[in-house]
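Read the figures in this text as sums done on the coordinates, not as results from a lab. This structure is a prediction, so every number in the text was calculated from the model and none was measured. Note: ideal-geometry Cβ built from the backbone for every residue, glycine included; neighbour counts use all protein chains shown.
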Amino acid sequence: MILPIVAYGDPVLRKVAAEIDKDYPDLEKLIANMKETMYNASGVGLAAPQIGKAIRLFVIDASPFAEDEELSEEDRAVLKTFNRVFINAKILEEKGDEWVFNEGCLSIPDVREDVFRKPKIKIEYVDENFTKQTEELDGLAARVFQHEYDHIEGILFTDKLSSLKKRIIKKKLANISKGKINADYRMRFPLAKKGK
Ligand code: NI
């Protein structure tokens, strides 16, 4: 089932999300719905707060990046299979010189901006079977993880922009909250007028 994606301005996107255990109700179904919602919106990641649940769960499928011919064979091979469910994820280590990548977010349609992040991370999480996993990621795989991880901490990529850039996009963000935007997937807007 495709779920509506919560737009910028909804308080759920600002909550520090709570850990879950394997008794979380209908978890399997929720994960399947989140994947369907992500694919329907052509996203490479979707975090539970974006469908209105402040829990530490996100899904990633970065395989579309594997088509990018500017990347090395090795990076493309990693991205092709970077399709995972992350529950109660933690970043154990983040290192290297920050690099820039043009990010977007399904909760903030039509806004793309350059964001700086460290390139190498070491992470820990449990998968959909609640099996503990530790991984080291770099490049785009790390980037997608960091973006989704920020969501469960109540952080959005627009928070990481310069104050000048923030001023420039302020009006656009306000319009998104009001639903004055055309997204080609189902959304829920915090400040939309009734009947819209
Ligand atoms: Ni996002």
Treating cross-link reach as a plain straight distance, find the lysines whose alpha-carbon is under 24 Å from the alpha-carbon of LYS95, omitting any fewer than eight places away in the same chain. LYS80, LYS118, LYS120, LYS122, LYS132, LYS160
Taking the Cβ of GLU19 as the centre, find all other residues whose Cβ is under 11 Å away and add up their charges (Lys, Arg: +1; Asp, Glu: -1). +1
Less than 13 Å Cβ to Cβ from THR131, Lys/Arg counted +1 and Asp/Glu -1: what total charge do the surrounding residues give? -1
Could you pull out every one of the lysines with an alpha carbon less than 21 Å from that of LYS180, ignoring same-chain neighbours closer than 8 positions? LYS165, LYS166, LYS170, LYS171, LYS172, LYS193, LYS194, LYS196
For the range 5-188, with only Lys/Arg (+1) and Asp/Glu (-1) charged at the beta-carbon, what is the dipole magnitude about the Cα centre, in debye rounded to 20? 1220
Among beta bridges that DSSP assigns inside the chain, antiparallel share in %, nearest 5: 90
Lys/Arg +1, Asp/Glu -1 at C-beta; the range 5-188 dipole; positive extreme among VAL12, HIS147, GLY104: VAL12
Between the range 87-125 and the range 50-79, how many Å separate their Cα centres? 11
At 0.36 nm per residue, and after removing the present C-alpha to C-alpha distance, how many nm does the segment from LYS80 to PHE130 gain when stretched out fully? 15.7 nm
For the chain, what class follows from the C-alpha gyration tensor (a ≥ b ≥ c being the square roots of its eigenvalues): rounded when a/c is under 1.5, otherwise prolate if a/b is larger than b/c, else oblate? oblate
Report the local net charge at ILE152: Lys and Arg +1, Asp and Glu -1, summed over other residues whose C-beta lies under 11 Å from its C-beta. 0
If we count other beta carbons within 10 Å of each Cβ, what is the order of ASP68, ASP150, fewest first? ASP68, ASP150
